[in-house]
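These notes concern the structure reproduced below.
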Ligand code: ATP
């Protein structure tokens, strides 16, 4: 249970006000766009859209909170940013572990009717958890009375949140999956225009019908690394080798 004293202490000591607008911050989270590499991406965006609609339309639930959970690098923050962008809520605040919401920001929210609050990596905010719990649960939200508030949290440690009994603080959770099939990988490469057509065809042949496991953020990084491979002849081999290594969580150095 968080008392008002705890809450005010947290507000005074733990939280640095974030200055300036959040716009450039926000754009940087979605820098590489949203590649629709398969049905799971559309499903997440559809679920997000429904929640936004619920927040907008329902007077019974003006506060909706959703937790986007999934493995590291699966694209949780970018999808949270995309959902908020599509919501057209005029005020969006992203809270990273290193940047917590400031009092002045909350004050600003009072003037605005519809607010999206994205809390990145919820579990890493251990010492600020009281504050988050308060934000989600407590009467402090009275400042938002008569307003619409959508809180989107992201985490790659659902287990930790569950242990801390914080999962119930969110109205719902949406799972953000990794790319898990060869066909999805190829779709992503095609949409990104990565590799030459011939190279893509041989990658497609190699991964067809196969299971794999890679987050979109990791994939984007691998593609950038592949662009540095000097001997083009080896690029597909290199890419497939690194991809295979990634399945086992090891890092292999850039060779060739
Ligand atoms: P971390 O585990 O480090 O918190 P994350 O899961 O939050 O990472 P993001 O920081 O959102 O991952 O990075 C995803 C990157 O991939 C962004 O640059 C985004 O623009 C890009 N991206 C491309 N397509 C997609 C997609 N379908 N879903 C999510 N992100 C995508």
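Every number here is computed from the coordinates shown, using simple stated rules; none is lab data. From a predicted model like this one, the values you see are computed outputs, not experimental measurements. A quick note on method: Cβ atoms are made from the backbone with ideal geometry, for glycine too, and the neighbour counts reach across all protein chains shown.
Computed values, structure above
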| read-out | value |
| --- | --- |
| Projected label distance in nm at residue 183 and residue 231, using a 7 Å step from Cα toward the beta-carbon | 3.5 nm |
| Region 179-247: relative contact order as a whole-number percent, Cα under 8 Å and 6+ apart | 37 percent |
| Extension gain (nm, one decimal) between residue 192 and residue 32, 0.36 nm per residue minus Cα-Cα | 56.6 nm |
| Packing rank of 79-89, 38-48, where each peptide gets the mean count of other beta carbons within 10 Å, highest leading | 79-89, 38-48 |
| Whether region 179-247 is rounded, prolate or oblate, judged on the alpha carbon gyration tensor where a/c under 1.5 counts as rounded | rounded |
